[in-house]
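Bear in mind these aren't lab numbers, they're just calculated from the coordinates by the rules spelled out. Everything quoted here is computed from the prediction, not taken from an experiment. Note that each Cβ is placed from the backbone with ideal geometry, even for glycine, and that neighbours are counted across all protein chains shown.
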Amino acid sequence: MIDQAEKLRKIMQSRDIRNERESLIENKAKVIAISSGKGGVGKTNFAINFSISLRRLGYEVVVIDADIGLSNIEILAGLNVNNTISDIIFSDKNIFEIMTDGPEGIKIISGGSGLKELKLLKDDNFPKLIQEIEKLQTATDYIIIDTGAGISNSVTDFIMTSNELIVICTPDPTSLMDSYTLIKSIIYSGFTGKINVVCNLVNNRNEGKEIFSKLSNAANNFLRVQINYLGYIEKNDLVNFAVRNQIPFIISHPNSPISKRINIMAMGFLGNESLKTESDKTSFAKRILDVFFKRGD
């Protein structure tokens with residue numbers, strides 16, 4: 001039986017990354033929300049390491065820190081971010097001026113509190129905001145949104161602007177239940193993108209598959225929705241080391257088992273995704289306008 005790593009090697013050998021990347025830009029960036037039903041499950045750690053892995057595979061990646069009131073991406077990357085996306089309007093900056101250079105070439109935008117402030121905008125400010133967001137979508141390959149945890153509007157709103165969702169789940173029964181609740185919430189809100197699941201902090205591969213199976217069965221039986229198993233990450237003390245030293249573990253320990261798991265999931269994500277989906281027909285800028293600036297809110 002061919003193992004997963006061998007399958008992924010064949011996927012990468014059968015594809016021309018450069019040609020695919022040019023095609024992706026032409027069709028505008030893919031927007032991926034990374035979220036979780038509860039905090040403390042390793043969501044932000046996954047987001048930044050996954051983004052770096054995509055960057056190493058040759059893709060341009062912009063990470064939006066959308067956890068309102070917190071700055072976890074910046075902290076984990078050891079960065080000092082001074083601007084938010086609201087500075088496009090309030091400080092007359094363009095989208096590139098509010099970006100911060102992150103590890104290994106990824107770009108980071110602090111967006112959470114800034115997007116909340118943008119709800120106060122007047123209609124005559126919308127054109128500039130939309131124009132700048134459209135620039136972002138045509139200048140990069142992937143926009144990764146690190147949302148907050150839970151099912152508050154500030155979380156689900158960001159998910160609704162994405163093409164795909166990655167849910168981070170752990171063996172903790174409350175994490176499993178909260179992950180299901182999150183999936184249920186966005187499905188009922190009308191989310192039509194692909195839903196991926198990563199099982200974090202597991203003891204081994206079998207436990208990861210077991211956790212996913214429980215979540216998948218519940219989603220299929222009660223919500224009539226299919227979810228995708230992206231992979232698992234085992235418990236490892238290197239995560240705490242990386243957090244304390246503010247260096248993503250994929251950089252500090254590139255050959256560690258958890259770094260290899262991240263790379264396999266990044267390659268698997270690229271190998272399984274479709275470049276053209278129903279959700280791609282609406283631009284990221286238009287989805288932000290629809291979700292965050294609904295009339296009557």
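Some values worked out for this structure:
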{"read-out": "Separation of the residue 226 and residue 246 label points, Cα + 7 Å toward Cβ, nm", "value": "4.5"}
{"read-out": "Burial order of peptide ranges 191-201, 146-156 (average beta-carbon count within 10 Å, highest first)", "value": "191-201, 146-156"}
{"read-out": "Among the listed pairs 43/135; 184/260; 43/184; 194/286; 214/235; 135/184, those beyond 24 Å (Cα-Cα)", "value": "43/135; 184/260; 135/184"}
{"read-out": "Translational D in µm²/s for segment 119-193 (Stokes-Einstein at 20 °C, 1.002 mPa s, Kirkwood Rh from C-alpha pairs)", "value": "149"}
{"read-out": "Principal axis box of segment 170-223, alpha-carbon based, largest edge first, Å", "value": "35, 20, 18"}
{"read-out": "Relative packing of 29-35, 230-236, which averages over residues the other C-beta atoms within 10 Å, highest first", "value": "29-35, 230-236"}
{"read-out": "Per-pair calculated FRET efficiency, R0 = 25 Å: residue 101 and residue 256 via Cβ, rounded to 0.05", "value": "0.50"}
{"read-out": "Long-range HN-HN contacts of residue 231 with modeled amide H, under 5 Å", "value": "197, 199"}
{"read-out": "Formal net charge of residues neighbouring residue 62 (Cβ-Cβ distance under 13 Å; K, R +1; D, E -1)", "value": "-1"}
